[in-house]
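Here's the structure we're looking at; comments come further down.
The values are calculated or read from the model by the stated rules, or taken from the named source; none is laboratory data. In this text the structure is predicted, and so the values were computed from the model without any measurement. FYI the Cβ positions are ideal-geometry reconstructions off the backbone, even for glycines, and counts take in every protein chain you see.
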Amino acid sequence: MIELRQVSHSFGSGWVLRDVSLQVGSGQIVAVVGASGCGKSTVLNFISGLLHPTEGEVRVHGRPVTGLQPHKIGYMFARDGLLPWRTAQANVELGLELQHKPDRRRTALRFLEMVGLADAGGKHRSELSQGMRQRVALARTLAPDPDVLLMDEPFAALDAQTRLALSSRFLTLCQARPYTVVWVTHDLAEAVSLSDEVVVLGDQPARVVARHRVPFGRPRDLVPLSTQPEFQRLVSRLWDDIGTPVLS
């Protein structure tokens, strides 16, 4: 579904990524981890078409990415980005409007229900908690029915309890509709909990330094999963791969 072929990129002051290759199969959830600033979000921007690599090629559905593909790709960020003058329902409808899709109200309400906000459609951003805002953002990302989901630290701003609840709900949604997901996170336990494979990027210029298959099937119960010895071992190996950051 997604392929990066020896992708390298420079912003002018030096190479950020060098010879990064990555393959993500249809319906697979792949987490990308690494030190802060190593280029994880840049990888997502290549896949989305927001950024074109200096060298190499990016393919989605077997075709080169030459620009934005909003009908195929949903992109969710750490901050909800909800428009404050729109209701939750109207925010979810935004992508549908831009794509001129019919039955926008019905679709928006269906996805709000899927994320547990069936009664919040008429509320504005200021009336929603941070967790509710992120759930609206998730519904907005899913509503246009993309094949590929790019997730850039989407639950990072949430408290631990809300984060766990929303992570579990997200996995349930992925069981119902097998999205292909590339997930960027700094939380190594989250990477193991939610993904089928974890890809580790080294420091700049970033390269793929390790790949780990996650030995847990889906669906998953995230709370008992985190207590399993194999889970703990894999998180520890990821820490070893990334190394201890040097603070200056």
When you go through (1) of a type outside the set (K, R); (2) in a strand (DSSP E or B); (3) under 23 Å from H212 (Cβ atoms); (4) touching a residue at least 40 places away in the same chain (Cβ under 8 Å) one by one for E57, which number turns out not to apply? (3)
F155 passes all but one of (1) over 29 Å from H100 (Cβ atoms); (2) in contact with an Asp or Glu (Cβ under 9 Å, 6 or more places away or on another chain); (3) part of a helix (DSSP H, G or I); which number fails? (3)
Collect the residues in region 87-107 that are closer than 24 Å to A157 by Cα, touching a Leu at 6+ places or on another chain (Cβ under 8 Å) and among the β-branched types (V, I, T), keeping them in residue-number order. V92
Every pair of residues 6+ apart whose Cβ atoms lie under 8 Å, when the first sits in region 85-99 and is among the acidic types (D, E) while the second is buried (at least 19 other Cβ atoms within 10 Å of the Cβ): E93/R104; E93/T107; E93/A108; E93/A143; E97/R104
Residue ID - nearest to L171 (Cα to Cα), chosen from residues in region 217-245 that are in contact with a helix residue (DSSP H, G or I) (Cβ under 8 Å, 6 or more places away or on another chain), buried (at least 16 other Cβ atoms within 10 Å of the Cβ) and at pLDDT 90 or above: F231
Among residues of region 168-205 being among the β-branched types (V, I, T), more than 12 Å from the chain's Cα centre (by Cα) and not in a strand (DSSP E or B), the residue surrounded by the fewest Cβ atoms within 10 Å (Cβ to Cβ) is T172
Members of region 134-149 that are buried (at least 24 other Cβ atoms within 10 Å of the Cβ), of a type in the set (G, A, S) and not in a loop (DSSP other than H, G, I, E, B): A139
When C38 is evaluated against the numbered criteria (1) assigned to a strand (DSSP E or B); (2) in contact with a Leu (Cβ under 6 Å, 6 or more places away or on another chain); (3) among the hydrophobic types (A, V, I, L, M, F, W, C), which criterion, by number, is the only one it fails? (1)
Under the condition of being touching a Leu at 6+ places or on another chain (Cβ under 6 Å) and assigned to a helix (DSSP H, G or I), which residue from region 108-129 is surrounded by the most Cβ atoms within 10 Å (Cβ to Cβ)? F111
Against the condition among the aliphatic types (A, V, I, L, M), modelled with pLDDT of 90 or more, outside any loop (DSSP other than H, G, I, E, B) and more than 21 Å from the chain's Cα centre (by Cα), how does A90 come out, does it pass? yes
Only one of these is surrounded by 14 or more Cβ atoms within 10 Å (Cβ to Cβ) and either over 17 Å from A139 (Cβ atoms) or of a type in the set (D, E, K, R) (or both): G62, G67, G49. Name it. G49
